[in-house]
Amino acid sequence: MTGSAADETLAVVARRIGEEVAGLHAEDVDASSRFPTETIDACREAGLLRALVSVEDGGLGASLDEVADAITELGRWCSSSGMILAMHTIQVACLVRHGGSEELATFRKRVAAEGLLLASATTEVGIGGDVRSSTCAVEARDDGFHLRKQAPVISYGEYADAILATARRTPESAPSDQVLVVCEKGRFTLERTTTWDALGFRGTCSSGFVLEATGGFGLVFPTAYGDMSSQTMLPVSHILWSSLWLGMASEADGRARKFVQGAARKTPGQMPPSGMRLAELAVTLQQLHDLVHGARARFAAADADPDLGQTIGYATAMNSLKVSASTLVVEVIQKALLICGMAGYANRSPFTLGRLLRDAYGAQLMVNNDRINANNAQLLLVQRER
Amino acid sequence: MDSVIRDVLINHAKLPVDVAGLDRAADLYTAGLTSHASVNVMLGLEDAFDVEFPDEMLRKSTFESIASIEEALRRLGVED
């Protein structure tokens, strides 16, 4: 895999990685529930891991839109790889938008120069999945911080060069008074507590760990995690995840379309029985496509006008994006399965949809839609704007 | 106004600290106010003072401290 040519869009680069690397290994990654090493290496080599970092810091200075397009492309070939690129990029976005300290600036440059892969530890055992609450705390020890966190999930934790973890600001802080801390490889240990053998997204290797880390206080983000969450982590997560789901849905659509067109060639002048279903699928896919692109435009608008990003309407819209996109991706792939029939149900078939469908079911669970709807219900109690 | 605001905080903010002893300028989020609880504080204030916070006031900063809440209420015409 060669690096990206200057005039190539990130989506083109990602498509090539998909064709030449991710697509070749996706089946084995899924069957063995293993980390997609080849694909992530190719992404690193092509600059996708440092895409969001500014040019002056050694990155590509890409927009979120461009990276989202790349994730959509990669998701067509290997959902797990696309999800890893998405989760990594979310952490990079936090570093780019909130990494104010000198140490974080140095770390950001290292991410770009060395192609570091960033993972995240936001959930914690015993807090019921509420990422805006922590039990563990950043403790001062030996001129630096010490952190011990029981994380029910750290996706690809064992393969990451750094893990960004949430914790209470100090051992005296309230559970909601959180900070985000960069835990660098060499300064953390992981003790595995659960293994990852799941229905889908099997290559994300989302095992549970006890994370124990030390580091300098400069690696604690200066911005409160609550603000980083609402301004960056949450909207960027939902945009990149739904961009990935769009890629998965588009792939299913592509297979269904090929299937119908194959049938049509055998009977010109006569609409294949699945033709109408394909038209229905196109309607749903367009909903998903326009939903995702509308959200990206909304994010760009909030980037230009920070006041907009603080409105309740913006928060509920970014929440609704996740609920809606995670549901639509399953709908699209299910429709594709009905169209392709047994050819889609079979694992060894050019029209196979099993892995895509298994992966797609994860979308509604990773940050459960019930939790997101409950948050929206709360926000809607005070939302004013029309 | 200060005491009514504190009453609302006692009933709805679910702070792990003593509200009566809170400094007027103390950061309520640092004191443990969650975004979930802040919505209940808003609703409680609207009920207690018979006001409705307009959209542009529905910001984290409005509910940052007792002093900032008081300032917001004054802007809505609430008097001592």
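About the Cα centre of chain A, what is the dipole size in debye to 20, counting +1 per Lys and Arg Cβ and -1 per Asp and Glu Cβ, all else neutral? The partial results should precede the final answer.
Details: 36 positive and 44 negative charges, 259 e Å.
Dipole about the Cα centre, nearest 20: 1240 debye.
Ligands, DNA and RNA are left out, and with a 1.4 angstrom probe the accessible area of the range A:1-139 is 37 Å² per residue. Comparing the full protein assembly with the isolated chain (1.4 Å probe, heavy atoms, ligands and nucleic acids excluded), the residues of the range A:342-386 losing at least 40 square angstrom of accessible area are A:Q378, A:V382, A:R384. In the range B:58-72, the residues that give up 50 Å² or more of accessible area when the other protein chains are added, compared with the chain on its own (1.4 Å probe), are B:L58, B:R59, B:K60.
With a 1.4 angstrom probe, the accessible area lost at the A-B interface totals about 1400 Å².
Heavy-atom accessible area for B:E46, with the other protein chains in place and a 1.4 Å probe, reaches approximately 30 Å². The phi torsions of the range B:19-31, fed into the Karplus equation with coefficients 6.51, -1.76 and 1.60 and a -60° offset, translate into couplings of 5, 4, x, 6, 5, 4, 9, 4, 6, 5, 5, 5, 6 Hz, rounded to whole numbers, with Gly and Pro shown as x. Toward the positive end of the charge dipole of the protein assembly as shown, with +1 on the Cβ of Lys and Arg and -1 on the Cβ of Asp and Glu, the farthest Cα among B:H12, A:C205, B:M57 is that of A:C205. With the helix formula -39500 (n - 2.57) applied to DSSP H stretches of n ≥ 4, the protein assembly as shown reaches a computed 222 nm mean residue ellipticity of -16000 deg cm²/dmol. On the range B:2-75, 47 percent of the accessible area sits on carbon and sulfur atoms, based on a 1.4 Å probe. If R0 is taken as 30 Å, the Cβ-Cβ distance between A:E191 and A:K258 corresponds to a FRET efficiency of 0.05.
For the range A:225-382, what is the accessible area per residue in Å² when the probe is 1.4 Å? Spell out each step's value before the answer.
Details: 7070 Å² over 158 residues.
Using a 1.4 Å probe on heavy atoms only, each residue of the range A:225-382 averages 45 Å².
With R₀ fixed at 41 Å, the C-beta to C-beta distance from B:D23 to A:A297 puts the FRET efficiency at about 0.45. Projected label points at A:D307 and A:R141, each 7 Å from Cα along the beta carbon direction, are separated by 4.7 nanometres. Computed in the context of the full set of protein chains, the accessible area of the range A:119-219 at 1.4 Å probe radius has 48% of its extent on carbon or sulfur. In this structure, the amide hydrogen of A:C183, modeled 1.01 Å from its nitrogen in the peptide plane, lies closer than 5 angstrom to those of A:I163, A:L164, A:A165, counting only residues at least 5 positions away or on a different chain. Comparing the full protein assembly with the isolated chain, the residues of the range A:146-177 losing at least 40 square angstrom of accessible surface (1.4 Å probe) are A:A174, A:S176, A:D177.
Counting only C-alpha contacts under 8 Å and six or more residues apart, can you give the relative contact order of chain A as a whole percent? Don't jump to the answer; show the numbers that get you there.
Working: 714 pairs, mean separation 58.2, N = 386.
Relative contact order, chain A: 15 percent.
Model label sites at A:K266 and B:I10, defined 7 Å from Cα along the beta-carbon direction, differ in position by 7.8 nm. At a probe radius of 1.4 angstrom, the accessible area of the range B:2-75 per residue rounds to 48 square angstrom. Of all the accessible heavy-atom surface of the range A:10-116, with the other protein chains kept in place and a 1.4 Å probe, what percent is carbon and sulfur? The nonpolar share, carbon plus sulfur, comes to 47 percent.
Once the Cβ-Cβ distance between A:T37 and B:A67 is put in as r, and R0 is 51 Å, what FRET efficiency do you end up with, to the nearest 0.05?
On the way: r = 55 Å, r/R0 = 1.07.
Between A:T37 and B:A67 the formula returns 0.40.
Net charge dipole, the range A:119-219: roughly 140 debye, given to the nearest 20, about the Cα centre with Cβ charges of +1 for Lys and Arg and -1 for Asp and Glu. Going 7 Å from the Cα of A:Q383 in the Cα-to-Cβ direction, what parts of the range A:208-248 have a backbone nitrogen less than 16 Å from that spot? Residues A:235 qualify, since their backbone N sits under 16 Å from the label point. Helix A:23-32 axis versus longest C-alpha principal axis of chain A: approximately 70°, rounded to the nearest ten. Excluding same-chain neighbours fewer than eight residues apart, the aspartates and glutamates reachable from A:K335 by a Cα-Cα span under 20 Å are A:E251, A:D253, A:E280, A:D290, A:D359.
Peptide packing: for A:88-98, A:131-141, the average count of neighbouring Cβ atoms within 10 Å per residue gives the ranking A:88-98, A:131-141, highest mean first.
The values are calculated or read from the model by the stated rules, or taken from the named source; none is laboratory data. Here the structure is a predicted model, which is why all the values come from computation and not from measurement. Please note: Cβ atoms are built from the backbone with ideal geometry, for glycine as well, and neighbour counts cover all protein chains shown. Note: accessible area is taken over every heavy atom of the protein model, side chains too, but ligands, DNA and RNA are not part of it. Shrake-Rupley method; radii C 1.70, N 1.55, O 1.52, S 1.80 Å.
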